[in-house]
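Values in this text are rule-based calculations from the coordinates and carry no lab data. All values reported here derive from a predicted model rather than from experimental measurement. Methodologically, a virtual Cβ is constructed for each residue, glycine included, from the backbone with ideal geometry; neighbour enumeration extends over all protein chains shown.
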Amino acid sequence: MPRSCKVFAGAASAGNRCRFEVLEGFGLVGARGRGYLWWAMIVPTAALYRVAYGKYAVGAYNINNAEQTMGLFRGCVESQAPFIIQISKGARKYTEKRMLEAIIRSAEEIFPETIFAVHLDHGDEETCIDCINSGFYSSVMIDASHETFEKNVEITKRVVDLAHAKGISVEAELGMLGGVEEDIAVDEAHACLTDPEEAVEFIKRTGCDSLAAAIGTSHGAYKFRGRQSLHFDVIEKIRENVTAAGLPPTPIVMHGSSSVPAEEVARINAAGGTLDPSACGVDENEYLPAARLGVAKVNIDTDGRLVWTRVHREFFHSKPGEFDFRPPGKTFMDEYAKFIAHKNVKLGSAGQVEAIRASLAK
Ligand code: G3H
Ligand code: 13P
Ligand code: ZN
């Protein structure tokens, strides 16, 4: 549970405001707004997995500022989707972690009908501890995948023990994605897919709740040379091995899931950008087949950055005399909301918010 509070179960719509049953010990968070009792919900990440697993994937979107947050919430309201907000170490430095928390808490009040979890993306041990103790996060990711297997197990287990004592779930990484994240760059030669045998041992020994598996993707805009597919065989084998070992189903997390649309890259370049036109990402039509095999969380950051870059480049390219950032900022929020709603359709999470609410109310 992300916080020690009571649960307020029920649909947060104008029709049933104030008619919430109070249940002890579930960990949802209420918000007051517009003179009524409304409840937006920050929920345990595990509560989203429980409903989504094997059916669809929940979009996990990185945010860094208020404009992204507004676009994200609007896109999820429009598409009626549950979602995960993820905050990287870089974001916590850029906007300041307290500012990000304040932005999200405000969004919770502005959009009371949303259901979402708050997650630390690619944490080290120190940041995980800070987030666990903050009482704000639904889950943390400990990323010790660059360490040896034994060291990864050791660090992850320490974080799991601390997090579980506070009812927070833990995503851990095994295998190594290519690309750049934070200050760590992994070249193609060092990237390696998750070994399904090791995955079972890792889950058993660490007790982690979800597994960030390397299944052929990488972070950033330059994922593949030519068209490449996800390694469905690896996803399937991990699931098979987990079941055979008698472990509960372990949601798999796909990092590096941006699709890097060619038209977005072309528009950026037409407005003065110099992105390599060979940039390409994951085929969006592979999200759902992966979800059906147990990929329950899909991490998307780069595609949102491309939306920001396209909007701002096009605006200032066509209006070189402008210096007010609000007109492009407004367009960005609209475009980001559209982008999020589209992704949620591709992930299968669109239209699922009421089912999540119903499951939470049980
Ligand atoms: O995987 C990394 C995410 O895209 C976050 O990126 O560390 O630049 O905020 P960042
Ligand atoms: P992309 O770079 O493909 O958006 O991946 C983001 C990610 O994995 C965040 O953890
Ligand atoms: Zn990642």
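A few comments on the model shown:
- Measuring r between the beta carbons of Asp124 and Lys204 and using R0 = 30 Å, the FRET efficiency lands at 0.80.
- Kirkwood hydrodynamic radius over Cα pairs of segment 45-351, then Stokes diffusion coefficient at 37 °C and 0.692 mPa s, in µm²/s: 168
- Glu236-Ala266 pseudo-label distance in nm [points 7 Å out on the Cα-to-Cβ vector]: 3.5
- Label positions at Glu197 and Phe323, each projected 7 Å from the Cα along the C-beta direction, are separated by 6.4 nm.
- Label-to-label distance for Glu150 and Ser278 is 4.1 nm, based on points extended 7 Å past Cα in the beta-carbon direction.
- Whichever lysines have a C-alpha closer than 22 Å to that of Lys157, once near sequence neighbours (fewer than 8 apart) are set aside: Lys89, Lys166, Lys204, Lys297
- Checking every one of the chymotrypsin sites (Phe, Trp or Tyr not before Pro) in segment 270-362 against DSSP loop status and a limit of 12 other Cβ atoms within 10 Å picks out Phe323.
- Other residues with beta-carbon under 15 Å from the beta-carbon of Lys55 carry, at +1 per Lys or Arg and -1 per Asp or Glu, a net charge of +4.
- Additional length obtainable on full extension of the chain from Phe316 to Arg98, 0.36 nm per residue less Cα span: 75.4 nm
- Exceeding the 25 Å Cα-Cα cut-off - candidates Lys55/Lys338; Lys223/Lys330; Lys97/Lys151: Lys223/Lys330; Lys97/Lys151
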